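Here the structure comes first, spelled out in structure tokens, and everything after it is commentary.
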Amino acid sequence: MRAMTRRRRRLPYVLAFVTATATTLMLTSVAEGWRSIAVNFVYGFAYSACIGCLGWLILPRVGRYAPRIHPAVRWTIVVVATVAIAIVGSLIALALMSAVGFISWSGFWLGFWRNLRFTIVVTIVIGVGISLYESMRYRLQYEAAQARLSSLESRIHPHFLFNTLNSISALIPDDPAAAERMTERLAALLRFSLDSTDRQTVPLEHELKITTDYLEIEKTRFGSRLNYSIDVPAELKHVEVPPFSLQTLVENSVKYGGGEIRVSARNGNGRVELNVWDSGTGFATQKEIPAGHGLSNLRSRLEAIWGVSATLEYGQENSGANVRISLPMRPAR
């Protein structure tokens, strides 16, 4: 879906390339008469259409890995790719024109070598220019997403801390030993929070540990009124998830749900699905989540990291409320 969206966004570049090249070749032969103008326009249109369509299909695949490699290597790959696209596109254009009888097959290679230098130069200039624009555009989008994500996380962590401190303070008068254990778990939670400050994702195994610590803190507070279970296959514990994602869902269940909570994860056709079910009533509709609510903030974090590839859904299920996060499955690095 996202790959198709990116290709549609680049389609105007292809059309502009085709139009500009065909028009340029046409204008170079104005003084030679209408026949030369028409011939050059057909040449320009055939060449630019074939080369542009190849670039439309191939360059996004090259750009997919661009942010992960050194700039010098990245631009070398871009230039090599555009040269290859220019050569292959020229061969296709000449083959098509020969097949329809616009040029003879005997002049195939003569036309190829005569136009190759101009074709490569134009393709490199336009390809590198578009790549520079896309690189700057990606950088600006990335910085905006990072700023948005940092803003969301700065609101989530204090909220989590204050709730946990309230739980500890409520236990101190009646059960100091339990309060001490909760303080140790809180220290682990704060350490995890600090360690994940500069990370968009963490291994699910780490998120499960922090979620269990939180549930144990709340279970110490509520006693037998709160019960939970965790069911996560071992092969999913190394996939990437946002920090405090499961914990946010569990915290929401503790605050608004019933006394039973079930945490689970499944492999859904190459996607990791995180589920938190509780015995409460949940929300009636998707629109009832107010701005600033934990689920609303989590949904915004997912969107900032994965865009439309990540979803957060909730509703009634098995006489309770279920919240499900679906993410692309990526092993933690």
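Nothing in this text is a laboratory measurement; each read-out follows from the coordinates by a stated rule. Model, not experiment: these values are computed from the prediction. Neighbour counts are summed over all protein chains in view; Cβ atoms, including those assigned to glycine, are modelled from backbone coordinates with ideal geometry.
For the pair V79 and M136, label points projected 7 Å from Cα toward Cβ lie 2.1 nm apart.
As a rough footprinting exposure proxy, the listed residues W109, W75 were ranked by other beta carbons within 10 Å of their own, and the order from fewest upward is W109, W75. Looking only at the stretch 312-333, which residues have a backbone nitrogen under 19 Å from a spot 7 Å from the Cα of H238 in the C-beta direction? Taking a point 7 Å out along Cα→Cβ of H238, the residues of the stretch 312-333 whose backbone N falls under 19 Å are 328-333.
For each of E218, E260, E235, E317, count neighbouring Cβ atoms within 10 Å of the residue's Cβ, then give the residues from fewest to most. Don't skip to the answer; put the middle values down first.
Values: E218 22, E260 16, E235 8, E317 13.
The most exposed by this proxy come first: E235, E317, E260, E218.
Treating only the Cα positions of the stretch 172-328 as identical point scatterers, give the base-10 log of I(q)/I(0) from the Debye formula at each q in 0.18 Å⁻¹. For the stretch 172-328, the Cα-only Debye profile gives -1.17. Put in line by how crowded their Cβ is, counting other Cβ atoms within 10 Å and starting with the fewest, R301, R185 read R185, R301.
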